[in-house]
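The values are calculated or read from the model by the stated rules, or taken from the named source; none is laboratory data. Everything numeric in this text was worked out from a predicted model, so none of it was measured. Cβ: placed from backbone, ideal geometry, glycine included. Neighbour counts: every protein chain shown. Areas reflect the complete protein model, heavy atoms only, side chains present, ligands, DNA and RNA absent. Shrake-Rupley method; radii C 1.70, N 1.55, O 1.52, S 1.80 Å.
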Amino acid sequence: MNRVLITSAIPYINGIKHLGNLVGSQLPADLYARYNRCRGREVMFICATDEHGTPAELAAAKAGKPVAEFCAEMHEVQAEIAEGFRLSFDNFGRSSSDRNHRLTQHFAGKLAENGLIEEVSEKQVYSNADGRFLPDRYIEGECPNCGYDGARGDQCENCTKQLDPTDLINPRSAISGSTDLEVRETKHLYLRQSKLKDKLDAWIDTKTDWPVLTTSIAKKWLHDGDGLQDRGITRDLDWGVPVKKGTEDWPGMEGKVFYVWFDAPIEYIAATAELADKLGESDEFWQRWWRTDKGADDVRYVQFMGKDNVPFHTLSFPATIMGSDEPWKLVDYIKSFNYLNYDGGQFSTSKGRGVFMDQALSILPADYWRWWLLSHAPENSDAEFTWENFQASVNKDLADVLGNFVSRVTKFCRSKFSEAVPEGGEYGEAEAALIADLNAKVRAYEGHMEAMDVRKAAQELRGIWVAGNEYLQGAAPWATFKEDPDQAAAQIRLALNLIRLYAVLSAPFIPDASETLRAAMDTDMDWPGDVGEALATLKEGHAFTVPENLFAKITDEEREDWQERFAGTRDA
């Protein structure tokens, strides 16, 4: 497939995300997008901000701003941070966009036409003081099981018992603290997912290449207990996509909006349409990625997300797509991730524990974080960020292995020859052995990247850097130069071409350093076919410049300072 559609789980609007959020979706998605562009494929890489739901309203109220204004501001903040981490989205959209409103209403209308929407009367808690129905998690009280006073209406986090709001003793609004609550009847729309259970089950059975993490979560939701349940897709809120049946009003649903989990994944499609609007393109521009009757049959669609988002993307969103009976593109591969924990505990947005994305960029450039996070991605199990490990990895991999190689080679060439690829000498057995080794390593690296095995790809890339260092140590051009300057010239010529090769291969992981090396070598970025040919790209006499120090080492003092600073002092 030469066309690749990539979506990253869309971050919620109510605050700046921590590094665990970054490595669980956006960053590995960017790695894959950059790699596919390097291989000459046409890529559409989409993300957005998820802007609806009660938490957005509450965050806006806390900030003292209208919710639309708050979301617009936070979208800009998140977009700027994404750019800081060099996340190469083709579009970073907004789920509050007009495109998403219309598409969400369109899908709801089609699902209703096909008998997959049911109107259900249910009882919910209403807060007279707040003038609103309260979602389960915005009702607090005493747990009837363990007596914990901070239990929520969906679960007690102290004893983990599942609860209903009416189970709580002395319930109160988590918004205002008011105890003036009553149970009222309200009507909502439910997506009849249970009717699509067998179809979803059969579809997932065809995905034999999916990660076990992805399929195991999907199967659990499909088969555990009573199996796949119908889900409410509307809420009694002011902020969101107004409930409509396509373009028509929906009698009895006045003043209601679609639930955020229903409209958020539809934003993947809408954000691609938003890009078409920005570029002044027609609908064919985005439909060729999303409609199989408009050309999307030759697209490979890959999603990236944390494991908590898997049920929505393996079941609920596909149910929406399938249930519409329209020729929309279904996902081909879902790459899911476990959690990244922080220094012996969990990242906590509310407690300010851990490193948040804006803070990370304030202390070190993006490449430092990108390398550590991707090389420690929580693929097969939860992973843990520790400052000691971060310091060791940056200092050893980036500074000692890659940065030191570049510095030694370019500075030696400048001092003994000039700032140009030197002439003379021929490659011998050591060079032939290195080229053969690198050919195998580069093909292995490609294999891991194609398979989205992020950690294995990082290990292979590091192995490619190490191979160059080992060659340099064995060849010792500084010693060779004293006896045979021509042979030293050949060794340095190969080493300078290795720097170019590193620039190309490292671009998906550390794009800024890659660009620094590309500019220093004044070269193209063609992906290597035969490594021997690639290592002959920079010809004798080709001018280069000595780059600045690629990576500074992290000192013990810096590490200790950061460890203390990010232990949990940020305001909630």
*Out of 94, 102, 132, report the one residue that is basic (Lys, Arg), modelled with pLDDT of 95 or more, at negative phi and out of contact with any His (no Cβ under 6 Å at 6 or more places or on another chain).*
102
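Okay, residues lined up against (1) hydroxyl-bearing (Ser, Thr, Tyr); (2) more than 32 Å from the chain's Cα centre (by Cα); (3) over 25 Å from residue 24 (Cβ atoms); (4) at pLDDT below 95:
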position: 405; (1), (2), (3), (4): no, no, yes, no
position: 426; (1), (2), (3), (4): no, yes, yes, yes
position: 432; (1), (2), (3), (4): no, yes, yes, no
position: 437; (1), (2), (3), (4): no, yes, yes, no
position: 447; (1), (2), (3), (4): no, no, no, no
position: 454; (1), (2), (3), (4): no, no, no, no
position: 460; (1), (2), (3), (4): no, no, no, no
*Please work out which one of (1) out of contact with any strand residue (DSSP E or B) (no Cβ under 9 Å at 6 or more places or on another chain); (2) closer than 26 Å to residue 418 by Cβ; (3) among the charged types (D, E, K, R) is the condition residue 558 fails and give its number.*
(2)
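Conditions tested, residue by residue: (1) open to solvent by 50 Å² or more (accessible area, probe 1.4 Å); (2) in contact with a Phe, Trp or Tyr (Cβ under 8 Å, 6 or more places away or on another chain).
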residue	(1), (2)
401	no, yes
405	no, yes
408	yes, no
411	yes, no
420	no, yes
425	no, no
433	yes, no
436	yes, no
440	yes, no
*Output the residues belonging to the range 542-564 that are open to solvent by 70 Å² or more (accessible area, probe 1.4 Å) and closer than 25 Å to residue 519 by Cβ.*
545, 548, 549, 553
*Please determine, by comparing only the residues of the range 394-434 that are of a type in the set (Ser, Thr, Tyr) and part of a loop (DSSP other than H, G, I, E, B), which one is nearest to residue 521 (Cα to Cα).*
418
*Out of curiosity, is residue 6 under 17 Å from residue 457 (Cβ atoms) and part of a strand (DSSP E or B)?*
yes
*When the range 57-73 is examined, which residues are found to be open to solvent by less than 30 Å² (accessible area, probe 1.4 Å) and in contact with a Ser or Thr (Cβ under 9 Å, 6 or more places away or on another chain)?*
71
*Identify the single condition in (1) touching a Leu at 6+ places or on another chain (Cβ under 9 Å); (2) touching a residue at least 60 places away in the same chain (Cβ under 8 Å); (3) surrounded by fewer than 17 Cβ atoms within 10 Å (Cβ to Cβ) that residue 121 does not satisfy, given that it satisfies every other one.*
(1)
*State yes or no: is residue 71 of a type in the set (A, V, I, L, M, F, W, C), part of a strand (DSSP E or B) and closer than 24 Å to residue 258 by Cβ?*
no
*Matching residues, the range 453-479, being buried (at least 18 other Cβ atoms within 10 Å of the Cβ) and acidic (Asp, Glu)*: 453, 460
*Here are 475, 520, 543, 457: which of them is within 30 Å of residue 213 (Cβ to Cβ) and of a type in the set (A, V, I, L, M)?*
457
*Applying the selection to the range 148-163, what residues are over 14 Å from residue 134 (Cβ atoms), open to solvent by 60 Å² or more (accessible area, probe 1.4 Å) and touching a residue at least 12 places away in the same chain (Cβ under 8 Å)?*
158, 161
*Any residue in the range 379-393 that is assigned to a helix (DSSP H, G or I), closer than 15 Å to residue 469 by Cα and open to solvent by 10 Å² or more (accessible area, probe 1.4 Å)?*
no
*Just checking, how many residues over the range 238-250 are surrounded by fewer than 19 Cβ atoms within 10 Å (Cβ to Cβ) and at pLDDT 95 or above?*
6
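Let's see how each residue does on (1) open to solvent by less than 10 Å² (accessible area, probe 1.4 Å); (2) closer than 14 Å to residue 410 by Cβ:
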site	(1), (2)
481	no, no
494	yes, yes
497	yes, yes
506	yes, no
514	yes, no
526	no, no
530	no, no
537	no, no
_Qualifying position, being aliphatic (A, V, I, L, M), under 18 Å from residue 143 (Cα atoms) and either surrounded by fewer than 19 Cβ atoms within 10 Å (Cβ to Cβ) or in contact (Cβ under 8 Å) with a residue 60 or more places away in the chain (or both), among 175, 217, 169_ = 169
_Selection count, the range 327-365, where residues are touching a Phe, Trp or Tyr at 6+ places or on another chain (Cβ under 9 Å), within 30 Å of residue 108 (Cα to Cα) and assigned to a loop (DSSP other than H, G, I, E, B)_ = 4
_Being among the polar types (S, T, N, Q), without any contact (Cβ under 8 Å) to a residue 24 or more places away in the chain and in contact with a strand residue (DSSP E or B) (Cβ under 9 Å, 6 or more places away or on another chain): is that true of residue 418 here?_
yes
*asked:* I'm checking my understanding of the structure. Among residues of the range 135-144 that are open to solvent by 30 Å² or more (accessible area, probe 1.4 Å) and at pLDDT 90 or above, which one is farthest from the chain's Cα centre (by Cα)?
replied: 144
*Say we look at the range 12-47 and pick out the residues that are surrounded by fewer than 22 Cβ atoms within 10 Å (Cβ to Cβ) and β-branched (Val, Ile, Thr); which of these is farthest from residue 261 (Cα to Cα)?*
43
_Selected residue (only one of 293, 263 is open to solvent by 40 Å² or more (accessible area, probe 1.4 Å), among the acidic types (Asp, Glu) and either in a helix (DSSP H, G or I) or modelled with pLDDT of 95 or more (or both))_ = 293
*Only one of these is assigned to a helix (DSSP H, G or I) and either touching a residue at least 60 places away in the same chain (Cβ under 8 Å) or in contact with a strand residue (DSSP E or B) (Cβ under 6 Å, 6 or more places away or on another chain) (or both): 276, 319. Name it.*
319
*Is there any pair linking a residue in the range 472-496 that is of a type in the set (Lys, Arg) to one that is open to solvent by less than 60 Å² (accessible area, probe 1.4 Å), with Cβ under 7 Å and at least six apart or on different chains, and which?*
493/421; 493/422
*Given the residues 350, 324, 282, which is the only one that is at negative phi, open to solvent by 20 Å² or more (accessible area, probe 1.4 Å) and at pLDDT 95 or above?*
282
